[in-house]
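Scroll down for the structure; my scribbles are underneath it.
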Amino acid sequence: MPRQIRALARKSALNARARENALIVIDNFSYDAPSTKQLLSLLGALGVADKKVLILTDGLKPNVFLSGRNLPRVHVMPYADVSTYHILWSDVVLVESNALGYELATVAEKPRTARAKPEGKSQRAAKAEAKAEAKAAKKSAAKKTTHKAEAKSAKPKAKAAKKPARKTASPKKKRK
């Protein structure tokens, strides 16, 4: 397969991940020693610990590779070696900014605020109540569309007068 076609397929796969908001650019992976725990905490902080993750680094980074090799849903490789298959295999792609050819400006982190628990209800009960409300809203929307469809079908339709089809004589073949 031509090199340009492979590059186009790789770009299309990355664009697909970007459209799905599954492409995350990270400033730098700088691990002094292999640490699976550190990589797992990074994935947890990003909220992608339960998904298939492809980590693309700028060149060979053995410490990052060794950190991710024990995790079954994580694949670490240099950006230059990635194929379309690897991108489409993953649910989320983490890319080092230097691999893309530019450096990121620093962004201040927003402090996390604790969620306020609903008063008098447990979180499970609140979720169940929210599900029930959503289900009720969905049923009422379905009823409205059903009533509209019934109202449309109940209206008598004016039938157009049909003209009788003209019979045309088939041309006769001339015999010699």
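Where a number appears in this text, it was derived from the coordinates with a stated rule and is not lab data. Predicted model, so just to flag it, every value in this text is computed and none were measured. Please note: Cβ atoms are built from the backbone with ideal geometry, for glycine as well, and neighbour counts cover all protein chains shown.
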Taking the stretch 14-48 as the search range and keeping residues that are of a type in the set (D, E, K, R) and closer than 21 Å to Pro78 by Cβ, which one is surrounded by the fewest Cβ atoms within 10 Å (Cβ to Cβ)? Asp32
Hey, can you tell me all the residues within the stretch 76-97 that are in a strand (DSSP E or B) and within 15 Å of Ile24 (Cα to Cα)? Val76, Val92, Val93, Leu94, Val95, Glu96
For the stretch 75-85, what are the residues that are within 18 Å of Ala49 (Cα to Cα) and not aliphatic (A, V, I, L, M)? His75
Among the residues of the stretch 16-30 satisfying the criterion of being in a loop (DSSP other than H, G, I, E, B) and under 23 Å from the mean Cα position of the chain (by Cα), which is nearest to Val93 (Cα to Cα)? Ala22
From the list Ala33, Ala13, Ala7, Ala45, exactly one residue is touching a residue at least 12 places away in the same chain (Cβ under 8 Å) and assigned to a helix (DSSP H, G or I). Which is it? Ala13
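One line per residue, one yes/no per condition, for (1) surrounded by 16 or more Cβ atoms within 10 Å (Cβ to Cβ); (2) charged (D, E, K, R); (3) touching a helix residue (DSSP H, G or I) at 6+ places or on another chain (Cβ under 7 Å); (4) over 20 Å from Ala22 (Cα atoms):
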{"residue": "Pro62", "(1), (2), (3), (4)": "no, no, no, yes"}
{"residue": "Gly68", "(1), (2), (3), (4)": "yes, no, yes, no"}
{"residue": "Tyr79", "(1), (2), (3), (4)": "yes, no, yes, no"}
{"residue": "Thr84", "(1), (2), (3), (4)": "yes, no, yes, no"}
{"residue": "Ser90", "(1), (2), (3), (4)": "yes, no, no, no"}
{"residue": "Val93", "(1), (2), (3), (4)": "yes, no, yes, no"}
{"residue": "Leu100", "(1), (2), (3), (4)": "no, no, no, no"}
Which one of Ser12, Ser83, Ser67, Ser35 is touching a Phe, Trp or Tyr at 6+ places or on another chain (Cβ under 7 Å) and small (Gly, Ala, Ser)? Ser67
